[in-house]
Amino acid sequence: MNNFETKLPLFPYQKEGASFIFDVGSGLLGHEMGLGKGLMALAVCERAEAGAVLIFCPSAIKWQWYEEIKKFMGDNQSIVVIEGNKIERTHLWRKAHQFYIVNYELLLRDFELMNLRVWDVIIADEATKISNARAKQSRMIKKLRATRRIALTGTPISNRANEVWNIIDWTNPGVLGNYWAFIQRYCVKNQWGGIFGYQNLEELKSRLRPYMIRRMKVDVLPELPEKITTNVPFELSPEEKNLYGKIKKEILFEIERNDISKMENPMTIQYTLVKMLRLRQLTDSMELLGHNKQSSKLEVLKELLVECIQQEKKVIVFTQFAEMADILARELAEYQPLVISGKIKEEYKDVVNRFNTDQNNRILIMTSAGQFGLNIQCASVIFHYDFEWSLGKMEQRDGRAHRYGQKDTVLVYNLIAKGTLDEYVQKVLYAKREIADRILMDDIKAMLHYGE
């Protein structure tokens, strides 16, 4: 029985991981994707009574970290997400907070501001971002002063054993020797000096053991719920926000100028909801409205897919829009995605069969055309790129993979543009179960004013 004390709701294996990192002081949490590495790191911060915590993560998940800290550590925590121009960021850095959340790219721009203090804890999420020992970003993070350093990655060695050296050299400097001696011992080079293979890996695992803890889902499956849902909030770009505001004003203007007595007419409501589809399409991609190909949501999806593919997971991406399915297929072409939508002529069961059996096809993109009746238990990760109007339909989506015969815990990710209909539907209308059947004009007005 692990005696690690924390107020956070940790499973036994998470207490074990947090206790390991707390006791070693600095180290690497290498648990497989979906096992709650961030929560374990927060438990270490709580146990250490950390007053100043710096969290590095990909820009796509900065706001996810913000929401997780609020959720698990309470609304009274002082948290700041560092973003904006240089003047705005400087102001944010100089104010006293407990948690500072920042993307890795700012290491090169804001290093002097980061280095004004000695941090109680620095957390490097998706730590493969600092795995290249020769990259300037990797060298800069080592110069920051901290009492504790925690690296998080579900792929600590992945397919490149050489990548773990710099991560461990950041958490525990010098314990693996110098980089070149490490390469000679564990990597096999070709005649041109390029690394093409690895050796002595059992010895390497033994050397890593005092500084790294790793658990796979199969190790802890009895402790896990069958489905873990994670919200991934993110900010739209300034251009996307500007266009969103213009469209919203146009719709509100049309509502206000109509006779108020007609506003509860079902046809009027339906017409307004159709026009509001433009707002939902905008949060997916500006391309759906005939503008450029800019899509903050797509960039978030691409970031999150990397670890899924590295861990050889099968992934389903759901969207309401057939046109968005086409865009996703084009933008994710490197993964050879399959598509099920009303536009394809191939039998859906044939597409599913290919997805189930071909290891080259790791991503299946689906519209509502495929969210009923299909059995896709080979997938263990689901992305809701956008939302249906009813919880029942959302559950139908999840049910493609989360069903009898599924052997893995299913990870569900909701991609949510902050201050938009994405967030309103998920937080408020989502609770009504069947929104589309009983939505009123008051709901519509509340949606349109949300985020102001």
**Item:** Residue list for the stretch 131-150, filter: part of a strand (DSSP E or B) and open to solvent by less than 10 Å² (accessible area, probe 1.4 Å)
**Value:** ILE150
**Prompt:** Of the residues GLY34, GLY84, GLY74, GLY30, which is on the phi > 0 side of the Ramachandran plot, of a type outside the set (Val, Ile, Thr) and crowded, with 19+ Cβ neighbours inside 10 Å?
**Reply:** GLY34
**Fill in**
Here the residues within the stretch 31-46 that are modelled with pLDDT of 90 or more and in contact with a Leu (Cβ under 8 Å, 6 or more places away or on another chain) are LYS37, GLY38, LEU39, MET40, ALA41, LEU42, ALA43, GLU46
**Message:** Taking the criterion of being small (Gly, Ala, Ser) and either surrounded by 15 or more Cβ atoms within 10 Å (Cβ to Cβ) or in a helix (DSSP H, G or I) (or both), would at least one residue in the stretch 111-125 satisfy it?
**Reply:** yes
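Can you name the residue in the stretch 282-313 that is closer than 17 Å to LYS418 by Cα and surrounded by fewer than 17 Cβ atoms within 10 Å (Cβ to Cβ) and, of all such residues, is modelled with the highest pLDDT?
First, pick out the residues of the stretch 282-313 that are closer than 17 Å to LYS418 by Cα: 282-286, 294-301.
Imposing the further condition that a residue be surrounded by fewer than 17 Cβ atoms within 10 Å (Cβ to Cβ) reduces the set to 294, 299.
Working: GLN294: 89, GLU299: 95.
Only one residue tops the list, namely GLU299.
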**Message:** Every residue in the stretch 7-23 that is free of Cβ contacts under 8 Å to residues at least 40 places away in the same chain and open to solvent by less than 50 Å² (accessible area, probe 1.4 Å), please.
**Reply:** LEU10, GLN14, ALA18, SER19, PHE22
**Asked** In the stretch 347-368, is there at least one residue being assigned to a loop (DSSP other than H, G, I, E, B), touching a Lys or Arg at 6+ places or on another chain (Cβ under 8 Å) and of a type outside the set (Ser, Thr, Tyr)?
**Response** yes
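Within the stretch 160-171, is there a residue that is under 28 Å from GLU49 (Cβ atoms) and either free of Cβ contacts under 8 Å to residues at least 60 places away in the same chain or over 25 Å from the mean Cα position of the chain (by Cα) (or both)? Don't jump to the end; show me each part of the working.
Step one: of the stretch 160-171, the residues under 28 Å from GLU49 (Cβ atoms) are 167-171.
Now narrow it down to the ones that are either free of Cβ contacts under 8 Å to residues at least 60 places away in the same chain or over 25 Å from the mean Cα position of the chain (by Cα) (or both): 169-170.
Among the residues of the stretch 160-171, at least one is under 28 Å from GLU49 (Cβ atoms) and either free of Cβ contacts under 8 Å to residues at least 60 places away in the same chain or over 25 Å from the mean Cα position of the chain (by Cα) (or both), which makes the answer yes.
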**Request:** Might you let me know whether the stretch 227-240 holds any residue that is more than 30 Å from ARG278 (Cα to Cα), surrounded by 14 or more Cβ atoms within 10 Å (Cβ to Cβ) and in contact with a Gly (Cβ under 7 Å, 6 or more places away or on another chain)?
**Result:** yes
**Fill in**
If we keep only residues of the stretch 151-199 that are open to solvent by less than 10 Å² (accessible area, probe 1.4 Å) and aromatic (Phe, Trp, Tyr), then the residue nearest to GLY25 (Cα to Cα) is TRP170
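List the strands (runs of 3 or more DSSP E) that sit entirely inside the stretch 177-262 and contain at least 1 residues that are closer than 30 Å to ASN292 by Cβ.
By residue number, 227-234.
Here are THR128, THR155: which of them is touching a residue at least 24 places away in the same chain (Cβ under 8 Å), of a type in the set (Val, Ile, Thr), in a loop (DSSP other than H, G, I, E, B) and closer than 26 Å to GLU203 by Cα?
THR155
Filter the stretch 329-368 down to the residues that are of a type in the set (D, E, K, R), open to solvent by 90 Å² or more (accessible area, probe 1.4 Å) and under 16 Å from VAL306 (Cα atoms) and list them by number.
GLU334
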**Item:** Flag for PHE4 being touching a residue at least 40 places away in the same chain (Cβ under 8 Å), open to solvent by 20 Å² or more (accessible area, probe 1.4 Å) and not aliphatic (A, V, I, L, M)
**Value:** no
**Message:** Criterion first (open to solvent by less than 70 Å² (accessible area, probe 1.4 Å), out of contact with any Asp or Glu (no Cβ under 8 Å at 6 or more places or on another chain) and at pLDDT 85 or above) does LEU279 satisfy it?
**Reply:** yes
**Asked** Based on what the data block shows, is GLU395 assigned to a helix (DSSP H, G or I), modelled with pLDDT of 65 or more and over 27 Å from PHE355 (Cα atoms)?
**Response** no
**Message:** Within the stretch 425-432, does at least one residue satisfy the condition of being out of contact with any helix residue (DSSP H, G or I) (no Cβ under 7 Å at 6 or more places or on another chain), modelled with pLDDT of 80 or more and closer than 30 Å to LEU221 by Cα?
**Reply:** yes
**Request:** For the stretch 63-89, name all the residues that are in contact with a helix residue (DSSP H, G or I) (Cβ under 7 Å, 6 or more places away or on another chain) and of a type in the set (A, V, I, L, M).
**Result:** ILE69, MET73, ILE79, VAL80, VAL81, ILE82
**Candidates GLN371, GLN406 - the one that is open to solvent by less than 50 Å² (accessible area, probe 1.4 Å), under 20 Å from LYS227 (Cβ atoms) and either touching a helix residue (DSSP H, G or I) at 6+ places or on another chain (Cβ under 8 Å) or at pLDDT 85 or above (or both)** = GLN371
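The values are calculated or read from the model by the stated rules, or taken from the named source; none is laboratory data. All figures in this text were calculated on a predicted structure; none of them were measured in a lab. For neighbour counting, all protein chains shown are included, and Cβ atoms are generated from backbone atoms with ideal geometry for every residue, glycine included. Just the protein is used for accessible areas: all its heavy atoms, side chains included, with ligands, DNA and RNA removed. Shrake-Rupley method; radii C 1.70, N 1.55, O 1.52, S 1.80 Å.
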